[in-house]
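One structure is given below, encoded as structure tokens.
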Amino acid sequence: PRGSAGQWMDPNLTDPRTHQSHIGYAHALAENTMLAVDYTHIDGRKELRQLNLNPIVNGQRLLAPDFIRVFGIPNVQNAINVRSSINKSRYDALTFRFQRRFPRATFQAHYTLAGAYSYGGSTGNRSGAGLPQDSFDPLAEGEWGPVNNDERHRVVAMGVFELPYGIQLSPV
């Protein structure tokens, strides 16, 4: 079956799924002051990945002999890209959060150390990961690496300030 934009869909396509685990710890350092540490691990499975069923092998399309036999010409079809649910991904994040409350304000600061990896540079989003370098081994070790939107370090600081007349100011 064909999907959007002329993309072929694997008849065995399944919904992507994730296995997630999270652990956290929070401790009051002093009155109105808190420190928290959280760890998150997510394994993505059955995510989308494109496969070319008609790659060039030794200078000729793989299905060229079949096309010659049926149609009499070798290049009836160039690449035949099929969206399959074979991709895998992994995300790990360690987050530190500091929070301090004052009589008319609250301050928070977060630091996250994270890594997101998959085959083909993309997780199980709608478009899926791109074509593998080797159509016969789409989950080869050399295909595993950081995803396109991998963000290793993130620092966020924010506050909530009580102003006169019940107005709150919250810069990030």
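The values are calculated or read from the model by the stated rules, or taken from the named source; none is laboratory data. Since we're looking at a predicted model, the values are computed, not measured. Don't worry about glycine lacking a Cβ; one is built from the backbone with ideal geometry, like all the others, and counts go over all protein chains shown. Areas reflect the complete protein model, heavy atoms only, side chains present, ligands, DNA and RNA absent. Shrake-Rupley method; radii C 1.70, N 1.55, O 1.52, S 1.80 Å.
Name the residue farthest towards the positive end of the dipole of the chain from the options L63, F161, S118, assuming +1 on Cβ of Lys and Arg, -1 on Cβ of Asp and Glu, about the Cα centre.
F161
Using label points projected 7 Å from each Cα along Cα→Cβ, tell me how many nm separate M9 and F107, to one decimal.
Once both label points are built, they end up 5.3 nm from each other.
Tell me, what is the FRET efficiency for L139 and I68 to the nearest 0.05, using R0 = 35 angstrom and their Cβ-Cβ distance as r? Could you put the intermediate results ahead of the total?
On the way: r = 31 Å, r/R0 = 0.90.
E(calc), rounded to 0.05, equals 0.65.
Mind listing which trypsin sites (Lys or Arg not before Pro) in the stretch 73-171 are in a DSSP loop and have 11 or fewer other Cβ atoms within 10 Å?
Values: sites: R83, K88, R90, R97, R100, R101, R104, R126, R152, R154; in loops: R104, R126, R152.
For trypsin sites (Lys or Arg not before Pro) across the stretch 73-171 that sit outside H, G, I, E and B with at most 11 neighbouring Cβ atoms in 10 Å, the list reads R104, R126, R152.
With the cut-off at 1.5 for a/c, could you classify the stretch 1-73 from its C-alpha gyration tensor as rounded, prolate or oblate?
On the way: a/c = 5.60, a/b = 3.99, b/c = 1.40.
Here the stretch 1-73 falls in the prolate category.
How much of the accessible area of the chain, probe 1.4 Å, is carbon plus sulfur, in whole percent? Kindly include the intermediate steps, with their values, before the conclusion.
Values: 6270 of 11300 Å².
Whole-percent figure for carbon plus sulfur exposure: 55.
Within a Cβ distance under 11 Å of A116, other residues only, what is the Lys/Arg minus Asp/Glu net charge?
Values: positive: R90, R152; negative: D92, D150, E151.
Residues close to A116 contribute a combined charge of -1.
Could you give the accessible area per residue of the chain, probe 1.4 Å, as a whole number in Å²?
Working: 11300 Å² over 172 residues.
Heavy-atom SASA per residue in the chain reads 66 Å².
How many nm is it between the label spots at L163 and L35, if each spot is 7 Å from the Cα in line with the beta carbon?
Distance between label points: 3.4 nm.
By how many nm would the segment from I23 to F98 grow when fully extended, if each residue of separation counts as 0.36 nm and the alpha-carbon distance is taken off? Before the final figure, lay out each step's value.
Working: separation 75, 0.36 × 75 = 27.00 nm, distance 1.69 nm.
Between I23 and F98, full extension yields 25.3 nm more.
Work through the residues other than L35 whose Cβ is under 14 Å from its Cβ and net out their charges, Lys, Arg +1 and Asp, Glu -1. Can you show the working numbers first?
Details: positive: R97, R100, R101; negative: E31, D38.
Every neighbour counted, the sum reads +1.
Using the eigenvalues of the Cα gyration tensor, what equivalent ellipsoid semi-axes result for the chain when each is taken as the square root of five times the eigenvalue, whole Å, largest first? Intermediate values should be presented prior to the final figure.
Values: eigenvalues 525, 55, 31 Å².
Computed over the chain, the values are 51, 17, 12 Å.
Looking only at GluC sites (Glu not before Pro) in DSSP loops with at most 14 other Cβ atoms within 10 Å, what is the longest site-free stretch of the chain?
Details: sites that count: E31, E151.
Longest site-free region, per DSSP loop and neighbour criteria: 32-150.
Can you compute the charge dipole magnitude of the stretch 1-126 about its Cα centre, using +1 on each Lys and Arg Cβ and -1 on each Asp and Glu Cβ, nothing else charged? Give it in debye, rounded to the nearest 20.
Working: 15 positive and 8 negative charges, 42 e Å.
Dipole size: approximately 200 debye.
Once you order the gyration tensor axes a ≥ b ≥ c over the Cα atoms, which shape class does the stretch 32-127 get: rounded for a/c under 1.5, otherwise prolate or oblate by comparing a/b with b/c? Show your work: numbers first, answer last.
Values: a/c = 5.84, a/b = 4.98, b/c = 1.17.
Cα axes put the stretch 32-127 in the prolate bin.
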